[in-house]
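Below you'll find the structure, written out as structure tokens, and then a few comments.
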Amino acid sequence: MILSAAVFVGVLLALLVSAWNARVADPEATVTELFDRMMTARTTRIAVIVCWWWLGWHFLVAQTVDP
């Protein structure tokens with residue numbers, strides 16, 4: 001569980017760094033333009049997929065409440 005959380009935090013940090021880099025490149029860009037610019041990098045696309053997979057696995061597939 002700790003490894004899973006550590007990986008998730010690492011991916012989240014990578015997304016935040018990508019967002020920050022996009023914002024520095026063009027401070028007047030809209031959120032949509034920033035997201036489009038971030039998604040041009042392969043590593044960012046993989047990070048987004050991993051985040052969605054992790055959320056889906058832990059909230060939709062795994063048993064979250066014991067009866």
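The values are calculated or read from the model by the stated rules, or taken from the named source; none is laboratory data. Quick caveat, the model's predicted, so the values are computed rather than measured. Please note: Cβ atoms are built from the backbone with ideal geometry, for glycine as well, and neighbour counts cover all protein chains shown. Surface accessibility is based on the protein's heavy atoms, side chains included, excluding ligands, DNA and RNA. Shrake-Rupley method; radii C 1.70, N 1.55, O 1.52, S 1.80 Å.
Quote the convex hull volume per residue of the chain, based on C-alpha atoms, as a whole number of Å³.
Numbers: hull volume 6.3 nm³, N = 67.
Each residue corresponds to 94 Å³ of Cα convex hull volume.
Label L55 and A19 with points 7 Å out from Cα along Cα→Cβ: what is the distance between them in nm?
Each label point is offset 7 Å from its Cα along the Cβ direction, giving 1.1 nm.
Counting only protein heavy atoms, what percent of the accessible surface of the chain is carbon or sulfur at a 1.4 Å probe?
Details: 3920 of 5450 Å².
Result for the chain: 72 percent of the exposed heavy-atom area is carbon or sulfur.
With labels modelled as points extended 7 Å from the Cα through the Cβ direction, what inter-label distance (nm, one decimal) is found for A29 paired with L12?
Calculated label separation equals 2.3 nm.
Place a +1 charge on the Cβ of each Lys and Arg in the chain and a -1 charge on the Cβ of each Asp and Glu, then give the dipole magnitude about the Cα centre in debye, rounded to the nearest 20.
On the way: 4 positive and 5 negative charges, 39 e Å.
In total the dipole reaches around 180 debye.
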